[in-house]
Amino acid sequence: MTSLFADADDQTIPLHIIDEDSLEVWLGDQPQAVQAWVSANGFAARIGQVLLIPNDAGLPLMALAGYGTAKSRARGRFHLAAAASKLPAACYKIASGLPETNADMEVLGWLLAAYRFGRYSETTAMGAKLTRPEGLDTARLEILAQAEILTRDLINTPANDMGPPDLEAAAQDLAQQHGASIEVILGDDLLAQDFPLIHTVGRAADRAPRLIDMKWGDSGPKITLVGKGVCFDTGGLNLKPGASMGLMKKDMGGAANVLGLAHMIMASKPDISLRVLIPAVENSVAGNAFRPGDILPSRKGLSVEINNTDAEGRLVLADALTYAQEGAPDLIISMATLTGAARVAVGPDLAPYYCDDPDFVTALENAATRQCDPVWRMPFHTPYESMIEPGIADLDNAPKGGFAGSITAALFLRRFVGESAYAHFDVYGWNPSDAPGRPKGGAGQATRALLEVIEAMQTS
């Protein structure tokens, strides 16, 4: 992956980041001509406001980027990115005003604002380039940005070009880049090797289901990431209405997130042993599709009654989580675009998660704040266990009634994990509208925060 920072040259323009409370003081130190130009152009240092100031020859002398107030900044993140997208095409060097708090995240926001998904049509690149700010770990910032680019590209690619074979190819490319090993269990071999739920969900598609198994590192704590790789979800025989099917290319967002996180981990090289498991399937409609009312076996031996074929993600994750636990890792993390209920509860921006390990929770919450990567803890509410027990089978994949949909899905998954510490993330994986550093489309969630937590495990 290429560098995202620009090289400085004699045309590089100094950039001053100014908040509203500091504007008057900053202007007081400037020549009269600069003061007059700023006043004449109505620059008030609001978030996203920019101004290019010319010298006597009419060439750029400096640029200003508004940073707003503490109150306005509290309503968003990546505030420098709001200015980056509006600056004229040029190379810029931050000359002053980069905040001490979250300086790295503001710079990361600039890199993320430059993202364009141009696979199918020409796009206009963001003209403003940034040189490497002094005092920051810019190599790490590039790793974070490259991981987010990978995640966005995977989610944004439609299912005709991002089916199970294509998701496997992306994992193969990542493994090759970092020297990881990878194995794939394909098609009917899933049945032969006892992954019945993965096979059943994917068997109706013309592109075979598979389980992708990537391994990297051979020392330190053992971390296993499990990502839902449903490359398109029609809902199966419980067919989704058209409006609900329109974004189902993003139903492999959990897999895209864990691959982005895996890139961060392998590129940063912490002393851990990493494993990534991705059940990659399509939930399609055909004569051999699984049906409402079917009772299916699982790798763990628990039987599952199918009350809705549109609740397929938890099925493929169940076999993968059982397999993950067989390796006795110290920590299992699952990520999935699992329920609409999670979106109703917290909206698209927060990443709801479930975990009963207090040390993990504390570490994640602190990291999420530092990384501008918001999360929200949800409860593994054990009294709701009865809601996923239908009586005719061990488990129900879609409890009736509509209550606590995200919680019951998380409880379902927890049944397939044993002694390892476990955290489940019910992510959305999509920005429904443009925001600074976060264009409309595929999105990574909670991965920067998780990287910080995982790296800290190597010294604990």
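When the range 89-125 is limited to residues that are of a type in the set (A, V, I, L, M), at pLDDT 95 or above and within 25 Å of the chain's Cα centre (by Cα), the one that is surrounded by the fewest Cβ atoms within 10 Å (Cβ to Cβ) turns out to be A103. Note down all Cβ pairs under 6 Å where the first residue falls in the range 111-139 and is of a type in the set (K, R), the second is in a loop (DSSP other than H, G, I, E, B), and they're at least six residues apart or on different chains. As it stands, the answer is R116/T123; R132/F5, since those pairs meet every condition given. If you scan the range 71-97, which residues turn out to be part of a helix (DSSP H, G or I) and farther than 21 Å from I143 by Cα? Across the range 71-97, the qualifying residues are K71, S72, R73, A82, A83.
Please verify whether the range 225-233 includes one or more residues that are of a type in the set (A, V, I, L, M, F, W, C), out of contact with any Asp or Glu (no Cβ under 6 Å at 6 or more places or on another chain) and under 27 Å from S273 (Cα atoms). Looking through the range 225-233, at least one residue is of a type in the set (A, V, I, L, M, F, W, C), out of contact with any Asp or Glu (no Cβ under 6 Å at 6 or more places or on another chain) and under 27 Å from S273 (Cα atoms).
Scanning the range 98-122 for residues that are in contact with a helix residue (DSSP H, G or I) (Cβ under 9 Å, 6 or more places away or on another chain) and part of a loop (DSSP other than H, G, I, E, B) gives L98, P99, N102, A114, Y115, F117, R119. For the range 128-165, a residue qualifies if it is in a helix (DSSP H, G or I), open to solvent by less than 10 Å² (accessible area, probe 1.4 Å) and among the polar types (S, T, N, Q), and exactly one does: T151. Contact map, the range 155-178: residues that are touching a residue at least 60 places away in the same chain (Cβ under 8 Å) paired with residues that are part of a loop (DSSP other than H, G, I, E, B) and among the charged types (D, E, K, R), Cβ distance under 8 Å, separation 6+ or inter-chain. Pairs shown: N156/R119; T157/R119; G163/R207; P164/R207.
Please verify whether S268 is in contact (Cβ under 8 Å) with a residue 24 or more places away in the chain and surrounded by fewer than 24 Cβ atoms within 10 Å (Cβ to Cβ), treating the condition exactly as stated. When the stated conditions are applied, S268 passes them. Picking from residues in the range 1-29 that are assigned to a loop (DSSP other than H, G, I, E, B), out of contact with any strand residue (DSSP E or B) (no Cβ under 9 Å at 6 or more places or on another chain) and polar (S, T, N, Q), the one that is nearest to R75 (Cα to Cα) is S3. What tally of residues in the range 197-234 results from selecting those that are outside any strand (DSSP E or B), of a type in the set (D, E, K, R) and modelled with pLDDT of 95 or more? Adding up the residues that qualify gives 4. Scanning the range 391-402 for residues that are modelled with pLDDT of 95 or more and open to solvent by 50 Å² or more (accessible area, probe 1.4 Å), we see that the one that is nearest to F78 (Cα to Cα) is D394. The number of residues in the range 17-54 being open to solvent by 30 Å² or more (accessible area, probe 1.4 Å) and either among the charged types (D, E, K, R) or under 21 Å from A113 (Cβ atoms) (or both) comes to 10.
As for the range 123-130, it holds at least one residue that is in contact with a helix residue (DSSP H, G or I) (Cβ under 6 Å, 6 or more places away or on another chain) and under 21 Å from G441 (Cβ atoms). Taken across the range 56-70, residues that are surrounded by 15 or more Cβ atoms within 10 Å (Cβ to Cβ) and not in a strand (DSSP E or B) do occur, with at least one present.
Candidates in the range 166-196 are the residues that are in a helix (DSSP H, G or I), open to solvent by 70 Å² or more (accessible area, probe 1.4 Å) and charged (D, E, K, R); of these, the one that is nearest to S284 (Cα to Cα) is D189. Among the residues of the range 337-379, those that are open to solvent by less than 20 Å² (accessible area, probe 1.4 Å), of a type in the set (A, V, I, L, M, F, W, C), outside any helix (DSSP H, G or I) and within 30 Å of K240 (Cα to Cα) comprise A351, V375.
Of the residues L261, L237, the single one that is in a helix (DSSP H, G or I) and either surrounded by fewer than 24 Cβ atoms within 10 Å (Cβ to Cβ) or at pLDDT 95 or above (or both) is L261.
Of all residues in the range 299-336, those satisfying the criterion of being in contact with a helix residue (DSSP H, G or I) (Cβ under 6 Å, 6 or more places away or on another chain) and open to solvent by 10 Å² or more (accessible area, probe 1.4 Å) are R299, K300, R314. In the range 30-47, the residue that is farthest from M126 (Cα to Cα) out of those that are over 34 Å from the mean Cα position of the chain (by Cα) and part of a loop (DSSP other than H, G, I, E, B) is P31. Regarding the range 442-454, can at least one residue be identified that is more than 23 Å from E106 (Cα to Cα), crowded, with 24+ Cβ neighbours inside 10 Å and out of contact with any strand residue (DSSP E or B) (no Cβ under 6 Å at 6 or more places or on another chain)? Looking through the range 442-454, none of the residues is more than 23 Å from E106 (Cα to Cα), crowded, with 24+ Cβ neighbours inside 10 Å and out of contact with any strand residue (DSSP E or B) (no Cβ under 6 Å at 6 or more places or on another chain).
The values are calculated or read from the model by the stated rules, or taken from the named source; none is laboratory data. Computed from a predicted model, the values in this text were never measured in an experiment. Note that each Cβ is placed from the backbone with ideal geometry, even for glycine, and that neighbours are counted across all protein chains shown. Side chains are part of the model used for accessible areas, which takes the heavy atoms of the whole protein and leaves out ligands, DNA and RNA. Shrake-Rupley method; radii C 1.70, N 1.55, O 1.52, S 1.80 Å.
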